[in-house]
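Asks: This is the structure I have questions about; it appears just below.
The values are calculated or read from the model by the stated rules, or taken from the named source; none is laboratory data. None of the values given here were measured: they were computed from a predicted structure. Counting neighbours? That spans all protein chains shown, and the Cβs are built from the backbone with ideal geometry, glycine included.
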Amino acid sequence: MLSNIFKIQQNKKNFQQVLPAHMVTAVMLLDQNLIIQYLNPAAEAILVKSLNTLYNQSIEDVFRSTSIKKSRFDQLLSSGQEFNDCDVTIEFIDQSQITVELTASSIEFNHSPHILLEFKQIDQQKQISAEAFQHQQWESARDLIRGLAHEIKNPLGGLRGAAQLLDNDLVGEQQEYTAMIIEQADRLTNLVDRLLGPNQLPKIAKKNIHIVLEKVNQLVNFNNPKGIKLCRDYDPSIPDIEFDEDKIQQAILNIVNNAIQAIDSENTIYLKTRIASNQIINGKRIKLGVQISIIDDGPGIPSDIQSTLFYPMVSGRSDGTGLGLSICQTLIQQHQGKLLCTSRPGKTEFSILLPIHGENT
């Protein structure tokens, strides 16, 4: 009987030591002063730091801020009542952020109250949901704009034709008025054509994506009055992929030019390529793709327009038309890819993800 009790206690101790290391959920143990006492490997992976590095550090030295107020931890220690939150934003000292599901409970450890935090990163799930919603909204906005554009374009053609016929019957100064009508009709027609976006199917060929990036780098260096530095960080292992060189160049150049207009001469733009695996594009998982990142260390994009950045007629500049990024989105969509943006002060990153078609079948 005593031997059975001993085995049970020994097994319990062994399980307590082994199980946290194999949990998918991140586990963090804090003392009553919110000092880190333990992290399991899942927590180390999320925090990108080891227990040896973070042991005996305050979470305030690790997290710049969280959406959980300190008073809730104080209440937890005093009452022992655990709490759950399915949408907690954690911001690190370097200003990067993650979103987690969090459970906080009070436990007794070494005869003193401690806080056990269990959290699971949910950024990918949130991103997939947000992308699906934004894509649906973007398509709805695009269809609405296209419908309006067609309705405007038809009477514009009649207006211009009538002005030309009238111009034939007029002489002298009166022709200036018809010339103005024709000129403004042409200007509006050009604007409507831009609203309609690219209407030609891409001419697909298998090429190295770095050829396009080098052309963009060359074009920018030819016309760079601010003297902004472009740094290139390419992955040479990326295979040739299928794309329309002109359309992808147009999209990347548009994004780079937007960055140049938004930042100052002391800032830098980075052109970066990497292999991306197991990504979701418009609800479909791709095994392998190419990620092209255009990153700048400027002031960032205003938060109030970030969710609608790719909609037509949305711009962060007073003199912007709001068509450039919408056109970029259309060009990337034509390649079954996706265009994303994350921005905060000090770092704005546009990411173009293109599938490697032969690897996703």
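Asks: In the range 111-123, how many residues are in a strand (DSSP E or B) and at pLDDT 80 or above?
Replies: Looking only at that region, the number is 9.
Asks: Of all residues in the range 274-295, which are polar (S, T, N, Q) and closer than 18 Å to residue 328 by Cα?
Replies: 282, 291, 293
Asks: Then there's this: List every residue pair whose Cβ atoms sit under 7 Å apart, with the two residues 6 or more apart in sequence or on different chains, where the first one lies in the range 218-244 and is at positive phi and the second, anywhere, is modelled with pLDDT under 90 and among the polar types (S, T, N, Q).
Replies: 227/265
Conditions (1) within 21 Å of residue 213 (Cβ to Cβ); (2) of a type in the set (Ser, Thr, Tyr); (3) in contact with a Leu (Cβ under 6 Å, 6 or more places away or on another chain), marked per residue:
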{"residue": "231", "(1), (2), (3)": "yes, no, no"}
{"residue": "234", "(1), (2), (3)": "yes, yes, no"}
{"residue": "247", "(1), (2), (3)": "yes, no, yes"}
{"residue": "252", "(1), (2), (3)": "yes, no, no"}
{"residue": "263", "(1), (2), (3)": "yes, no, no"}
{"residue": "278", "(1), (2), (3)": "no, no, no"}
{"residue": "299", "(1), (2), (3)": "no, no, no"}
{"residue": "308", "(1), (2), (3)": "no, yes, no"}
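Asks: Six or more apart or on different chains, Cβ under 9 Å: which pairs go from a residue in the range 66-79 that's without any contact (Cβ under 8 Å) to a residue 24 or more places away in the chain and farther than 27 Å from residue 94 by Cβ to one that's in a strand (DSSP E or B) and hydrophobic (A, V, I, L, M, F, W, C)? Could you list them?
Replies: 75/83
Asks: Could you name every one of the strands (runs of 3 or more DSSP E) located completely within the range 182-280 that has at least 3 residues being within 26 Å of the chain's Cα centre (by Cα)?
Replies: Numbers: elements: 205-207, 229-233, 241-243.
The qualifying strands (runs of 3 or more DSSP E) are 229-233, 241-243.
Asks: How do the pairs read when you match residues in the range 25-38 that are under 14 Å from residue 53 (Cα atoms) with residues anywhere that are small (Gly, Ala, Ser), using Cβ under 6 Å and keeping only pairs 6 or more apart or on different chains?
Replies: 28/43; 35/58
Asks: Could you check, for the range 228-241, whether at least one of its residues is at pLDDT 85 or above and surrounded by fewer than 11 Cβ atoms within 10 Å (Cβ to Cβ)? Let's see the steps before the verdict.
Replies: Initial filter on the range 228-241 (at pLDDT 85 or above): 228-241.
Subsequent filtering for residues that are surrounded by fewer than 11 Cβ atoms within 10 Å (Cβ to Cβ) retains 236-237.
Yes, the range 228-241 contains a residue that is at pLDDT 85 or above and surrounded by fewer than 11 Cβ atoms within 10 Å (Cβ to Cβ).
Asks: Show the residue pairs meeting these rules: Cβ distance below 6 Å; 6+ apart or different chains; first residue within the range 324-337 and under 9 Å from residue 354 (Cα atoms); second residue of a type in the set (Phe, Trp, Tyr).
Replies: From residues that are under 9 Å from residue 354 (Cα atoms), the pairs are 335/243.
Asks: Okay, moving on. Using the structure shown, decide if residue 103 is among the hydroxyl-bearing types (Ser, Thr, Tyr), surrounded by 14 or more Cβ atoms within 10 Å (Cβ to Cβ), more than 14 Å from residue 116 (Cα to Cα) and in the same structural domain as residue 30 (by TED's automatic domain parsing).
Replies: Criteria not met by residue 103.
Asks: For the range 25-110, which strands (runs of 3 or more DSSP E) that fit wholly inside it have 1 or more residues that are farther than 30 Å from residue 343 by Cβ?
Replies: 26-31, 36-39, 83-92, 97-109
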